[in-house]
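Student: Dropping the structure in here first, questions after.
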Amino acid sequence: MEYAAKKRVTRRECVWAQIEQLVPWQALLQLIEPVYPKDGKRGRRPVGCERMLRMYIAQQCLGLSDEGMEDAVYDSVAVRNFVGVDLGQQAVPDATTLLKFRHLLQQHGLTQRILALINEQLSQRGVLLRAGTVVDATLMAAPSSTKNRTGQRDPEMHPTRKGNPWHFGMKVHVGVDAETGLVHSVVTTPANVSDVTQAHALLHGQESDVFADAGYRGVDKRAEVQAQHPAVNWHVAMMPSKRKALDKGTLLGSVLDALERTKAHIRAKGEHVFYIIKNIFGLKKVRYRGLAANTAQLYTLLALANLLLAKRWLLGTHTLGAS
């Protein structure tokens, strides 16, 4: 009764309402239900597939652990309404049930299919274009502590040096549509793997131009790129030292500098998705051990990030920026 009598709609409720509109629920349910446990067997009755999917989506948006998500459903009326739980009639799915649902998605490779399904629907609505691609990568930190059961750090993560500081974790390589900034390809590796070695796996094969930063210099000469994508035009950024040495007082120097600015504006769209998963969804450090579990989570986060980036087309709004 208190909730029904309130006079103001909170910002969190507005966000959940937008997610409710953006996520293609029926298509996702048709994807998951064939492998979801059916009722009629011995033991506790399974929670409804839609309720678990909603709880999983809310967990990824809030950046919470399984136990934290269970507490959030109890604590927040807005989260509870989004998940579809009435405490007077249903019990909140516990952390173990959510854990099993995550493992089910990972075991059957469904999170990767979720990203593909959402991209397919965006393509059908004319949002995802395929004329050009931006390739980029970002480091995701992993816990470096050895205070665990094995007394070792995650063996699938690796240290690497970026500038002067050292980082321990994994690297996320993405291929992003150059027009809309939507992710269409994802590859994860240990942090010490060079960006240029994964460039060929980030192209879908229909693009004519690819934009990359200076870390991808020499990519057009690599054997795997020439074998798989020989007709692609690569636009790789100039080394910062060479750009700094340009004489902008001359016509040639000013033209080259303007060209680098143009390429930088296009490459910036590849950073928007990293902003969303790190600052909006809160994934600044990986939550699980091993590349497989973290990659499965990243597929879901990138699918949700695509929906947020396409929000102004899907909902008819005209706001600018990744937020």
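The values are calculated or read from the model by the stated rules, or taken from the named source; none is laboratory data. All figures in this text were calculated on a predicted structure; none of them were measured in a lab. Note that each Cβ is placed from the backbone with ideal geometry, even for glycine, and that neighbours are counted across all protein chains shown. Keep in mind that these areas ignore ligands, DNA and RNA; they rest on the heavy atoms of the full protein, side chains included. Shrake-Rupley method; radii C 1.70, N 1.55, O 1.52, S 1.80 Å.
Student: Which residue, of Ala78, Ala91, is open to solvent by less than 20 Å² (accessible area, probe 1.4 Å) and of a type in the set (Gly, Ala, Ser)?
Tutor: So the residue among Ala78, Ala91 that is open to solvent by less than 20 Å² (accessible area, probe 1.4 Å) and of a type in the set (Gly, Ala, Ser) is Ala78.
Student: Here's another thing I want to ask about it. Check region 74-88 and report whether any residue there is on the phi > 0 side of the Ramachandran plot and out of contact with any Ser or Thr (no Cβ under 9 Å at 6 or more places or on another chain).
Tutor: Yes, region 74-88 contains a residue that is on the phi > 0 side of the Ramachandran plot and out of contact with any Ser or Thr (no Cβ under 9 Å at 6 or more places or on another chain).
Student: For region 219-238, name all the residues that are open to solvent by 40 Å² or more (accessible area, probe 1.4 Å), within 27 Å of the chain's Cα centre (by Cα) and either among the β-branched types (Val, Ile, Thr) or under 19 Å from Val193 (Cα atoms) (or both).
Tutor: Asp220, Glu224
Student: Can you name the residue in region 179-198 that is of a type in the set (S, T, N, Q) and part of a loop (DSSP other than H, G, I, E, B) and is also surrounded by the most Cβ atoms within 10 Å (Cβ to Cβ) among such residues?
Tutor: The residue in question is Thr180.
Student: Follow-up. I want to confirm something. Restricting to region 103-131 and keeping residues that are modelled with pLDDT under 95 and in contact with a Ser or Thr (Cβ under 7 Å, 6 or more places away or on another chain), which single residue is surrounded by the fewest Cβ atoms within 10 Å (Cβ to Cβ)?
Tutor: Across region 103-131, the extreme among qualifying residues is Ala131.
Student: Is region 199-206 home to any residue that is touching a helix residue (DSSP H, G or I) at 6+ places or on another chain (Cβ under 6 Å), part of a loop (DSSP other than H, G, I, E, B), of a type outside the set (Val, Ile, Thr) and open to solvent by less than 20 Å² (accessible area, probe 1.4 Å)?
Tutor: Checking region 199-206: not a single residue is touching a helix residue (DSSP H, G or I) at 6+ places or on another chain (Cβ under 6 Å), part of a loop (DSSP other than H, G, I, E, B), of a type outside the set (Val, Ile, Thr) and open to solvent by less than 20 Å² (accessible area, probe 1.4 Å).
Student: Among the residues of region 110-145, what is the count of those that are in contact (Cβ under 8 Å) with a residue 12 or more places away in the chain, closer than 25 Å to Val286 by Cβ and not in a helix (DSSP H, G or I)?
Tutor: 11
Student: Is it true that Val255 is at pLDDT below 95 and either among the charged types (D, E, K, R) or open to solvent by 50 Å² or more (accessible area, probe 1.4 Å) (or both)?
Tutor: Considered against the rule, which asks whether it is at pLDDT below 95 and either among the charged types (D, E, K, R) or open to solvent by 50 Å² or more (accessible area, probe 1.4 Å) (or both), Val255 comes out as yes.
Student: Please find, within region 89-140, the residue that is nearest to Ala268 (Cα to Cα) out of those that are of a type in the set (Lys, Arg) and in contact with an Asp or Glu (Cβ under 8 Å, 6 or more places away or on another chain).
Tutor: Arg130
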